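Novice: Quick one: this structure, given as structure tokens, is what I'll be asking you about.
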Amino acid sequence: VREANIQLALERVRAGTMAMKTQHDLLNVIETFGNQLVTLGLEIDTVSVINGVSKSDWDLWLYTPDSGVAPFRVFVPYIDTAYFTKTINNIEAYERTGNPIQLKSFSKVEKDEFNAHYFKCAPAMPKEYKDTAFAHEQCTIIDAFLEEVTVSLVNYSLEAFSEEDVEIFTRFSKE
């Protein structure tokens, strides 16, 4: 039954991807992608797609499932923080090893430093969501570095992504 549910979720994402006609349609695909992962039991606070594999500024397409905000696009300029540094380290690990799936964790201080910068760039995020993001003690992100985009999942819970979560994300990111 679990495998059938995963296949059905993958088909929904594929259908959305195949229906894309414009770049703006990516927002719908990100929403479908995130909702299907949540349906499968993954704990995610944000799904993002970054145009390219970037070692500098980020052009993000975001969906935050529990925020009440529709998927949106935001430009986040580079600043010297652990978020950018660890992402650059993961890109370099991907370039060395060829493994597109990379995990990174952030302390409360690292997470909050980036979120302060990010929320200035994304003013549409509700105060409740911002408060929740700042309240958490840590953050774990799993990235899939693909040819033209980077797909990322953000989890603020104290439990990192499980092995099964990583396997499911890996399958979805190949779609």
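Novice: Restricting the calculation to Cα positions, tell me the Rg (one decimal) and the Dmax (whole number) of the chain in Å.
Specialist: 15.3, 46
Novice: Can you give the charge dipole size of the range 29-94 about its Cα centre, rounded to the nearest 20 debye, using +1 on the beta carbon of Lys and Arg and -1 on the beta carbon of Asp and Glu?
Specialist: That gives the range 29-94 a dipole magnitude of about 120 debye.
Novice: Between the DSSP loop rule and a limit of at most 11 other Cβ atoms within 10 Å, which GluC sites (Glu not before Pro) in the range 98-140 are left?
Specialist: 137
Novice: Mind giving me the FRET efficiency for residue 1 and residue 160? R0 is 41 Å, r the Cβ-Cβ distance, nearest 0.05 is fine.
Specialist: Calculated value: 0.95.
Novice: Next question. Taking a 29 Å limit on the Cα-Cα distance, which of the listed pairs 55/174; 55/111; 55/120; 86/127; 21/127; 21/108 fall beyond it?
Specialist: Long pairs (Cα-Cα over 29 Å): 21/127; 21/108.
Novice: List the relative contact order of the chain as a percent without decimals, with contacts defined as Cα pairs under 8 Å and 6+ residues apart.
Specialist: Taking the mean separation of contacting Cα pairs over the length of the chain, I get 23 percent.
Novice: Taking only C-alpha pairs under 8 Å that are 6+ residues apart, what is the relative contact order of the range 44-148 in percent?
Specialist: 27
Novice: What percent does the relative contact order of the range 1-101 come to when contacts are Cα pairs within less than 8 Å and at least six residues apart?
Specialist: Relative contact order, the range 1-101: 19 percent.
Novice: Enter the accessible area of residue 95 (Å², nearest 10), with the probe set to 1.4 Å and all protein chains included.
Specialist: Here the residue's solvent-accessible area equals roughly 110 Å².
Novice: Pick from 160, 144, 19: which residue has the top mean-square fluctuation in a GNM of the chain where Cα pairs under 10 Å get a spring?
Specialist: Highest fluctuation among the options: 19.
Novice: Then there is this: Just check the range 74-175 against the gyration tensor rule for me: Cα atoms, a ≥ b ≥ c as the square roots of the eigenvalues, rounded for a/c under 1.5, and otherwise prolate or oblate depending on whether a/b exceeds b/c.
Specialist: It is prolate, given that a/c is not under 1.5 and a/b is the larger ratio.
Novice: What would the Debye equation give as log₁₀ I(q)/I(0) for the range 14-82 at q = 0.11, 0.20, 0.23 Å⁻¹, counting only Cα atoms as equal point scatterers?
Specialist: Values, matching the q order: -0.29, -0.88, -1.06.
Novice: Report P(r) for the range 42-81: all Cα-Cα distances, bin width 5 Å, range 0 to the bin holding the largest distance, values in whole percent.
Specialist: In order of increasing distance, the bins hold 6, 22, 26, 21, 16, 8, 0 percent.
Novice: If one computes the Cα centroid of the range 105-173 and of the range 1-62, what distance in Å separates the two points?
Specialist: The range 105-173 and the range 1-62 have Cα centres spaced 14 Å from each other.
The values are calculated or read from the model by the stated rules, or taken from the named source; none is laboratory data. Only a predicted model underlies this, so the values are computations on that prediction, with no experimental measurement involved. Cβ atoms come from the backbone with ideal geometry, glycine included; neighbour counts cover every protein chain shown. With ligands, DNA and RNA removed, areas are computed over all heavy atoms of the protein, side chains included. Shrake-Rupley method; radii C 1.70, N 1.55, O 1.52, S 1.80 Å.
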